[in-house]
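One structure is given here, and the rest of the page talks about it.
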Amino acid sequence: MRVRPYAVSRPALAVLLTAVIAGVVAGCSGSPARSSSASTSSAPAPATGTPAPSATSTVTPLNCAETLFGQLTPEQRIGQLLMVGFDTNAPLTSLDDEIGTGHVGNVIYLGGWDGAEKVRRTSEHLQALVSQDATGGIGLMISADQEGGIVHQLRGSGFTQPPTALAQASMRPAALTTAATAWAKELRAVGVNVNLAPVTDTVPADIGTGNEPIGKWGRQYGADPAVVSRAAVAFLKGMRAGGVEGTVKHFPGLGRIQRNTDFNATGITDSVATTTDPHLAPFAAGIEAGAGLVMVSSARYPKLDAKNAAMFSPAIIDGLLRTQLGFDGVVITDDLNAAAAKVLPVAERAVKYVGAGGDILLTGAPEAAAPMAKALAAAATSPDFAEKLDASVLRVLTLKERMGLLPCSATP
């Protein structure tokens, strides 16, 4: 059954959600996945002529995320799929229009933010923009890259600089979880509720620093998928314990490519990865550990999809990630403002990504939000695309319910 984003009946929506919501990362909504069923008695009418029992149907009441979905305007639904960059040098009010009238539902801090007070003040301002008209009363995901080592967007007073991933991997898992819990509490205290970490890419030892996006900077936990899995799970558990959602990245792995997708559209091909790649194990482990988000890369994997980069590939997102690995949580792009993504026009990036099964479109360029939203709305005139769009919005709302960001959410 299809549910279009422009005219949704709640009973029909409840039926659709059996497939959409079931199997979300364990513990995602704080209540079991809802299901709908209709049963009709198959017994023949009694010979005496007594009327057969009438057909009965059961429709499970809508949960918080489902209820909010039905109340949002089409523009507000699309806004939940957008995450835009807030540069450290930008004015405090620089995203007011994007959120207030553009309905953008999520923000990422970029450019290196110094001092907890500045971050806290900005987060409070952003969340104060949430209103019934702007976002349907739904709070923002506010994210940062706080991996450790060279990659820590939040620094200075009030923030601990986590050690490199290699150093984290040398810690006992329990010790890493304890440390990550403390790092998460620092983020939570300044209004950051999503960490775009840990890196779950495995960099082979014979490539090492020759891997420009990860190995060159020591962002990997190691060359052994088992080591990467162990450290990533420990980190994720700490994030969750500290009240922050973690993100495993960059699916299905950047460890074998040469150049950085942020700055290059060539030299970004992994010609080894297959559906049985051992390097998928850390992603599977992170999903099992309850990662709320999976970030998909903009690199290319010809043995998985000969035509499309990962973030535009139904075979990789809908097939490998959702079907094979069983992830029904939120899939987020790597930066759509990166060189590897810019090979496509901005509108086409948005439509191809959601069409492939992805959810949140992350862009460091706030001005890209409006054309992306417009393109998604136009594509939603197709019933098939409208169904995918609905599913994406519902996944985001389900995660936000777990995070306590919906007006009807229980406090996390």
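The values are calculated or read from the model by the stated rules, or taken from the named source; none is laboratory data. Quick caveat, the model's predicted, so the values are computed rather than measured. Quick reminder, even Gly has a Cβ in these numbers, built from the backbone with ideal geometry, and neighbours come from all protein chains shown.
Structure summary
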item: Qualifying residue in the range 108-131 (condition: of a type in the set (Asp, Glu) and buried (at least 16 other Cβ atoms within 10 Å of the Cβ)); result: no
item: Matching entry among Ala289, Ala223, Ala281, Ala285 (being surrounded by fewer than 22 Cβ atoms within 10 Å (Cβ to Cβ) and within 16 Å of the chain's Cα centre (by Cα)); result: Ala289
item: Sole exception among (1) assigned to a helix (DSSP H, G or I); (2) buried (at least 19 other Cβ atoms within 10 Å of the Cβ); (3) touching a helix residue (DSSP H, G or I) at 6+ places or on another chain (Cβ under 8 Å) for Ala347, by number; result: (2)
item: Residue within the range 333-348 that is within 21 Å of Val272 (Cα to Cα) and more than 13 Å from the chain's Cα centre (by Cα) present; result: yes
item: Tally of residues being under 16 Å from His152 (Cβ atoms) and assigned to a loop (DSSP other than H, G, I, E, B) across the range 80-123; result: 4
item: Qualifying positions in the range 243-257 - within 12 Å of the chain's Cα centre (by Cα) and not polar (S, T, N, Q); result: Glu245, Gly246, Val248, Lys249, His250, Phe251
item: Subset of the range 185-214 [in contact (Cβ under 8 Å) with a residue 60 or more places away in the chain and on the phi < 0 side of the Ramachandran plot]; result: Glu186, Ala189, Val190, Val192, Asn193, Val194, Leu196, Pro198, Thr200, Asp201, Thr202
item: Residue within the range 62-79 that is within 25 Å of Asp262 (Cα to Cα), assigned to a loop (DSSP other than H, G, I, E, B), modelled with pLDDT of 95 or more and among the small types (Gly, Ala, Ser) present; result: no
item: Evaluation of Val294 against (1) within 26 Å of Ala347 (Cβ to Cβ); (2) of a type in the set (A, V, I, L, M); (3) in a helix (DSSP H, G or I) (one fails), failing number; result: (3)
